[in-house]
1. Could you give the nm distance between label points at Val91 and Val3, where each point is 7 Å from its Cα heading toward the beta carbon?
2. Check which residues have an amide H placed less than 5 Å from Ala77's amide H, if you skip close sequence neighbours.
3. Whose amide H sits under 5 Å from the amide H of Leu28, counting only residues 5 or more places off or on another chain, with H placed in the peptide plane?
4. Could you please report the charge total around Pro22, scoring K, R as +1 and D, E as -1 over all other residues with beta-carbon less than 9 angstrom from its beta-carbon?
5. Around Pro51, under 15 Å between beta carbons, what's the net of Lys plus Arg minus Asp minus Glu among the other residues?
6. So if each residue of separation counts as 0.36 nm, and I subtract the Cα-Cα distance between Lys99 and Arg47, what length gain in nm does that give?
7. Compute the signed sum of charges (Lys and Arg +1, Asp and Glu -1) over the other residues within less than 9 Å, Cβ to Cβ, of Met1.
8. Whole-Hz ³J(HN,Hα) for each residue in the range 29-35, computed from phi via Karplus 6.51 cos²θ - 1.76 cosθ + 1.60 with θ = phi - 60°, x for glycine and proline: what do you get?
Amino acid sequence: MLVVHKYTLRFDDSDCANAYIPQGGKILDCQLQHGDVVLWAWVDTERPEVPRSFKMFPTGLATHDGPSAGWRWQHVATIQFEVRDGHAGYVGHIFEGVK
């Protein structure tokens with residue numbers, strides 16, 4: 001059955017998160033909802049779930065997780081937070097990692 005499902009992304013200390021999404025699921029959007037980063041995907045619920053990796057990169061900071069580390073990153077969304085770690089106006093750029 002084809003449906004839109006919502007997945008809450010829980011980022012760890014290195015700003016990485018995983019979600020189990022049915023194989024072939026198409027990411028539609030990622031936004032802040034009630035203080036959580038959530039992702040919506042168009043999925044076929046009859047397909048097996050597979051892990052998908054996401055990382056949040058802040059604006060203006062260098063990263064060592066790029067192509068040289070074996071990852072290709074595809075932009076999913078940019079999210080503006082009211083407050084994060086005591087800093088107002090934090091902007092996080094959500095990418096999906098593809099090895």
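1. 3.6
2. Those lying under 5 Å, H to H, from Ala77 are Ile94.
3. Long-range HN contacts for Leu28: Trp40, Ala41, Trp42.
4. Numbers: positive: Arg47; negative: Asp44, Glu46, Glu49.
My count for the surroundings of Pro22 gives -2.
5. +2
6. 16.6 nm
7. Combined, the nearby Lys, Arg, Asp and Glu give -2.
8. So the Karplus estimates, Gly and Pro as x, are 6, 9, 8, 8, 9, 6, x Hz.
Read-outs throughout are calculated quantities, based only on the coordinates presented, and are distinct from any laboratory measurement. What you see is a predicted model; the values in this text were computed from it and never measured. Positions of Cβ are generated from backbone atoms using ideal geometry, with glycine treated the same way; all protein chains shown enter the neighbour counts.
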